[in-house]
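The structure appears below as structure tokens.
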Amino acid sequence: MIQNKEGLNQTREEAKKQLSSYDCRILVCSGTGCIATGSEKIYDKFLEICKDAPGVTLEFAPHEQGEHMGVKKTGCQGICELGPLVRIQKGEQVVQYTKVGLDDCEEIFQRSVLEDDVVERLLYKQKGVPYQNPEEIPFIAKQTRLVLENCGKFDAESLDEYIASGGFLALEKALFEMSEEEIIEEVDQSGLRGRGGGGFPAGKKWKQVARQKEKVRYVVCNGDEGDPGAFMDGSVMEGDPYRLIEGMMIAAYAVKAADGYIYVRAEYPMSVKRLRGAIAELEKRGLLGEHILGTDFTFHLHINRGAGAFVCGEGSALTASIEGNRGMPRVKPPRTVEKGLWEKPTVLNNVETFANVPGIILKGAEWYRSIGTVGSPGTKTFSLTGAIENTGLIEVPMGTTLREIIFDIGGGLKGGGKFKAVQIGGPSGGCLTEEHLDIPLDFDSVKKYGAIVGSGGLVVMDEHTCMVEVARFFMSFTQRESCGKCVPCREGTKRMLEILEKIVAGKGELEDLNRLQELAEMVKSMALCGLGKSAPLPVLSTLKLFREEYEEHIVEHKCRAKVCEAMKRYVINPEFCKGCSKCAKNCPVGAITGKIKECYHIDPAVCIHCGACKDNCAFNAIYVEY
């Protein structure tokens, strides 16, 4: 049990001693991405090898008893596309291996663990140049990791390793050196803004809760990360759960809350598992519960699993779901800070926001303000996906440009493709194009161009992406996820989706574009909640930036990206056609006509694009054009 400040410091010293006792640590990435590619089997294999190796012990022991090895599960190491990822740590020397298979484990153990050699074929390479140390890999070296600083470096499930790395120093400072008012003022002065999408100042929210007359207050963490292609919060919950919890504990102490809730989406079972394990360990060790560190501070933490509803990312819908009701937004005011969970004042921030708090308390507001921009201090995590060489999890200072993210960190477009656009902010965001590559990415700058930073999803698109289909995809998502409470969102998104589906089916009319614009503006201005208001943004931004693609679909029945099935035409090349009639015999709708030994013809108005004619042509005379 850690009963007081002295006990915490003693635990820290013992944990540091334990860490320094290892001759070598084998760090296996156990984030969701690497688990999906087999990292758990890699972890088990290394355990098996170490147990069977002569002169090696996996338990703490004096060095004269043999080599002391540690096989640990870490959080996301960042380069998700190249998993399973394994790091070999020997003192200050760290080697990063990528795409590790079961057959590679013995060789890695022999050459990199028992010897000081490197398996070069498994190193990260960029333009043929191998990188051994993970901090030197361009994808990682060009980042600024504050929230993610422990991910990939420590055992994600170990409280002792978190404490050894400086964990709970911020809580200790908050409890013993600062008043509640000073904590809130520090967070306010830091300029920390909510990282869940809205960008509302966290300190201001905490102040509003602290000044309420009602004495029962709650702290709630929004871990319901529902944007397609976004996995930042999930990676923090998996890779550094204790940092999130420490941030929540500081918030609870500052606003005098005795209970907290973490709302995690159902699709994050690993996050739930590690958070539950962390909470149980903290309760066992006395760092959660009654009289924490011998003070009057009491805090209990609970986990609620969402059912996968995107709308529950909205604050009032989230609290309704925790209460056991259907997750639906409500009219505001009153706001969550006044009447939130069970109609009590509630601090509601997302995972990344809380994970920033320990660093701010420990290092101060001025330190935090020295990173990022004046209006948006600090860093932002992004999930980098799409048509890009290096996909994965990144963290950069606010104000970093798209050019730096895509071409310096991301390594440019996959296969040397031409950059077309990036969807930022998920289904509630908008598109940025080549003309926006050098604008700073922060909460205020991107709004000028019809987009939002959102929770941090970045989907990179090249010339093979159809922007009309992009708008249809995101509108399909938001329409399906609409809670249905307000008419503008329920009916407006449905009508917009119908128009978009009509256009990609090749049946659109030019008047549809005006209808689409009017509907989008209506939903944006009249929807009940923030998610509804932002649902039309992908449509509005693509209409503005890629209107010619919409017009091509309607007027020319052409999809320049060659994506929309309805736009393709099956054509018979008269130079190769032998007039055998096999294509006509296999056409299910009679779209092909002609005479034997003469070139046949396909009627595009009748053709259903099934491809049967092309599949059955023995002379390769049928081809597809868009």
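The values are calculated or read from the model by the stated rules, or taken from the named source; none is laboratory data. Here the structure is a predicted model, which means the values were calculated and not measured. All Cβ positions, even for glycine, are placed from backbone atoms using ideal geometry, and neighbour counts span all protein chains on display. Side chains included, ligands, DNA and RNA excluded: accessible areas come from the protein's heavy atoms. Shrake-Rupley method; radii C 1.70, N 1.55, O 1.52, S 1.80 Å.
Some values worked out for this structure:
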quantity	calculated
Residues of region 249-308 classified as hydroxyl-bearing (Ser, Thr, Tyr) and closer than 18 Å to Leu8 by Cβ, total	3
Looking only at region 563-572, and only at residues there that are part of a loop (DSSP other than H, G, I, E, B) and open to solvent by less than 40 Å² (accessible area, probe 1.4 Å), the one that is modelled with the lowest pLDDT	Lys568
Some residue of region 348-365 being in contact with a helix residue (DSSP H, G or I) (Cβ under 6 Å, 6 or more places away or on another chain) and aromatic (Phe, Trp, Tyr)	yes
Residue in region 241-268 that is nearest to Glu481 (Cα to Cα), counting only those that are open to solvent by 10 Å² or more (accessible area, probe 1.4 Å) and at pLDDT 95 or above	Tyr261
Pair list, Cβ < 9 Å and 6+ apart or interchain, from region 366-382 residues that are closer than 24 Å to Ile424 by Cα to residues that are among the acidic types (Asp, Glu) and surrounded by fewer than 19 Cβ atoms within 10 Å (Cβ to Cβ)	Thr373/Asp444; Gly375/Asp444; Ser376/Asp444
Residue selected from region 1-15 under the condition open to solvent by 90 Å² or more (accessible area, probe 1.4 Å) and of a type outside the set (Asp, Glu), by the criterion farthest from Asp160 (Cα to Cα)	Gln3
Tabulated pairs, region 44-57, first without any contact (Cβ under 8 Å) to a residue 60 or more places away in the chain, second assigned to a helix (DSSP H, G or I) and open to solvent by less than 40 Å² (accessible area, probe 1.4 Å), C-beta under 8 angstrom, 6+ apart or interchain	Cys50/Phe109; Val56/Cys50
Selection count, region 399-428, where residues are touching a Pro at 6+ places or on another chain (Cβ under 9 Å), open to solvent by 10 Å² or more (accessible area, probe 1.4 Å) and either outside any helix (DSSP H, G or I) or at pLDDT 95 or above (or both)	4
Helices (runs of 4 or more DSSP H) completely within region 471-556 that count 3 or more residues being open to solvent by 70 Å² or more (accessible area, probe 1.4 Å)	487-504, 511-526, 547-551
Residues that are closer than 30 Å to Ser482 by Cβ and out of contact with any Cys (no Cβ under 9 Å at 6 or more places or on another chain), drawn from region 278-309	His302, Ile303, Asn304, Arg305, Ala307, Gly308
The lone exception for Ser21 - which of (1) closer than 30 Å to Ile292 by Cβ; (2) buried (at least 17 other Cβ atoms within 10 Å of the Cβ); (3) at pLDDT below 90 it fails	(2)
Residue list for region 430-453, restricted to those being buried (at least 24 other Cβ atoms within 10 Å of the Cβ) and under 19 Å from Glu404 (Cβ atoms)	Cys431, Leu441, Ala451, Val453
Which listed residue is open to solvent by less than 10 Å² (accessible area, probe 1.4 Å) and either small (Gly, Ala, Ser) or touching a strand residue (DSSP E or B) at 6+ places or on another chain (Cβ under 8 Å) (or both), from Ala174, Ala141	Ala174
Checklist (1) more than 26 Å from Arg193 (Cα to Cα); (2) crowded, with 24+ Cβ neighbours inside 10 Å; (3) touching a Lys or Arg at 6+ places or on another chain (Cβ under 7 Å) applied to Thr465, failing item	(2)
Cβ-Cβ under 6 Å pairs, at least 6 apart or on other chains, region 23-38 side more than 18 Å from Lys273 (Cα to Cα), far side modelled with pLDDT of 90 or more and part of a helix (DSSP H, G or I)	Cys24/Val113; Ile26/Phe46
Flag for Asp160 being farther than 30 Å from Thr478 by Cα, open to solvent by 50 Å² or more (accessible area, probe 1.4 Å) and charged (D, E, K, R)	yes
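Table: residues versus (1) assigned to a loop (DSSP other than H, G, I, E, B); (2) surrounded by 19 or more Cβ atoms within 10 Å (Cβ to Cβ).
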| site | (1), (2) |
| --- | --- |
| Arg274 | no, yes |
| Ala280 | no, no |
| Asp296 | yes, no |
| Leu301 | no, yes |
| Ala307 | yes, no |
| Ser316 | no, yes |
| Gly327 | yes, yes |
| Val331 | yes, no |
| Arg335 | yes, no |
